Structure formats: C-alpha cells, structure tokens
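Participant: Let me give you the structure first, and then I'll get to my questions.
Laboratory data are not the source of any read-out in this text; all were calculated from the coordinates shown. Predicted model only: the values in this text are computed from it and were never measured. As a convention, Cβ positions derive from the backbone with ideal geometry for all residues, glycine included, and neighbour counts pool all protein chains shown.
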Amino acid sequence: MILNKLVLLAALALPVCYVEAHDYATGSLTVTQPWSLALPPNSPTAAAYFVITNEGQAPDRLEAVDSPIAGGAQLHEHVSKDGTMKMQHVQSVDIPAGGNLVFAPMAYHVMLLDLKDRSKLVDGQTFPLTLHFEKAGDLTVDVTVQKQPPESAHSAHAH
C-alpha cells in the first residue's frame with residue numbers, strides 16, 4: 001500500500017521535474033535547445049545558447065537578437081588571441097546550407113546586456129529571445145534557465 005502511494009506521488013511529481021525541450025522553426029531553419037544559466041541576482045549580464053540547423057539548399061545569416069528582459073543583446077564569439085581566450089562582438093553569424101551552428105559556452109553565444117527582469121534568470125524560468133535571420137525572418141524562442149548546462153553543451157563544438 002505504501003509502495004503504491006510512493007509510486008503515485010512520484011508519477012504526479014514527474015511533470016513538475018521534467019522540462020520538455022522545444023524545437024522552433026522558420027523557413028529552412030530549426031532552433032533547438034535554447035538555454036541559459038541561472039545567475040546570481042547581481043550579475044550584470046547573461047548569456048543564451050542554442051543550436052541552429054539549416055536544412056535548406058542556401059546559407060542564411062543570423063543578423064541580430066533581442067529580448068524584453070535586456071536593454072541590449074549582442075552576438076558574441078570566443079576567440080584565442082595571444083594565447084588567451086577572449087570574447088568579442090560579431091555583427092552576424094553565417095549558417096551554412098545543410099549544416100548547423102552551435103551556440104555554446106566558449107563558442108558563439110548571445111550576450112544579454114543591461115538586464116531589466118532578473119526574475120526570469122532563475123532556475124526553471126523561461127524568457128523570450130527573438131532571432132532575426134536575413135532570409136528566414138524573425139523567430140522567437142523560449143530560453144529555459146537551468147542551474148547547469150545540458151549534457152549536450154559539454155561536447156558542443158563552436159563551428
């Protein structure tokens with residue numbers, strides 16, 4: 001009897017613990033696994049990560065990003081310069097035809113600046129991020145805030 005109650009409680013709690021990954025699509029592009037790390041309340045910036053897959057015959061370009069939780073958002077990449085890894089702003093990012101582009105720690109990422117709504121940057125929350133593509137148009141995704149990066153982020157490659 002006790003075992004049945006425990007199984008029932010576990011089954012009822014499962015939907016609360018499970019975060020479903022969503023895919024978002026526009027044109028020939030699909031954006032998967034949008035996520036961000038939970039941050040301390042005084043953090044001046046946040047970063048967002050995802051994977052863009054281009055199933056089309058032609059390349060596209062991510063030209064800009066924005067989010068209502070930040071005063072500004074920029075595309076950034078990490079580069080090795082003089083033996084040191086540095087972050088730098090880039091104007092756009094090309095997405096090859098038939099390929100994918102990974103936004104991950106120590107690779108391409110979105111920097112959210114001048115944070116307006118820090119309540120969305122705690123574990124379990126989501127916030128909207130709009131990606132502006134040259135050909136495919138605009139696509140808004142829900143970024144899931146997590147305490148730790150997803151397992152797929154540990155093995156991600158920048159290009």
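Participant: Please compute the length gained on full extension between residue 130 and residue 100, using 0.36 nm multiplied by the number of residues separating them and subtracting their Cα-Cα distance.
Facilitator: Numbers: separation 30, 0.36 × 30 = 10.80 nm, distance 1.83 nm.
Taking 0.36 nm per residue and subtracting the Cα distance, the gain is 9.0 nm.
Participant: Another question about this same structure. Let's test the formula: R0 of 25 Å, r as the Cβ-Cβ distance of residue 78 and residue 38. What FRET efficiency results, to the nearest 0.05? Please report the intermediate quantities before stating the final value.
Facilitator: Values: r = 21 Å, r/R0 = 0.84.
Calculated transfer efficiency: 0.75.
Participant: By average Cβ neighbour count within 10 Å, what is the ranking of 46-54, 25-33 from highest down?
Facilitator: Numbers: 46-54: 21.4, 25-33: 18.0.
The densest-packed peptide leads the list: 46-54, 25-33.
Participant: Here's something else I'd like to know. Kindly rank 110-118, 80-88 from highest to lowest mean number of other beta carbons found within 10 Å of each residue. Walk me through the intermediate numbers first.
Facilitator: Numbers: 110-118: 16.2, 80-88: 8.4.
Averaged packing, sorted descending, gives the order 110-118, 80-88.
Participant: While we're here: What is the magnitude of the charge dipole of segment 21-149 about its Cα centre, with +1 placed on the Cβ of each Lys and Arg, -1 on the Cβ of each Asp and Glu, and no other charges, expressed in debye to the nearest 20?
Facilitator: Values: 8 positive and 14 negative charges, 76 e Å.
Charge dipole of segment 21-149: 360 debye, to the nearest 20.
Participant: Round to the nearest 0.05 the FRET efficiency obtained for residue 86 and residue 148 when R0 = 22 Å and r is the Cβ-Cβ distance.
Facilitator: For R0 = 22 Å, the calculated efficiency reads 0.35.
Participant: Which listed residue (148, 91, 72) has the Cα farthest towards the positive end of the charge dipole for segment 21-149, taking +1 on Lys and Arg C-beta and -1 on Asp and Glu C-beta about the Cα centre?
Facilitator: The listed residue farthest towards the positive side: 148.
Participant: Another question, then. If you plug each phi of segment 119-128 into the Karplus form 6.51 cos²θ - 1.76 cosθ + 1.60 with θ = phi - 60°, what whole-Hz ³J(HN,Hα) values come out, in order, with x for Gly and Pro?
Facilitator: So the Karplus estimates, Gly and Pro as x, are 5, 7, 9, 10, 3, x, 7, 10, 9, x Hz.
Participant: Find the Cα radius of gyration of segment 21-149, compare it with 2.2 N^0.38 Å by division, and give the number to two decimals.
Facilitator: Values: Rg = 14.3 Å, N = 129, 2.2 N^0.38 = 13.9 Å.
This ratio for segment 21-149 stands at 1.02.
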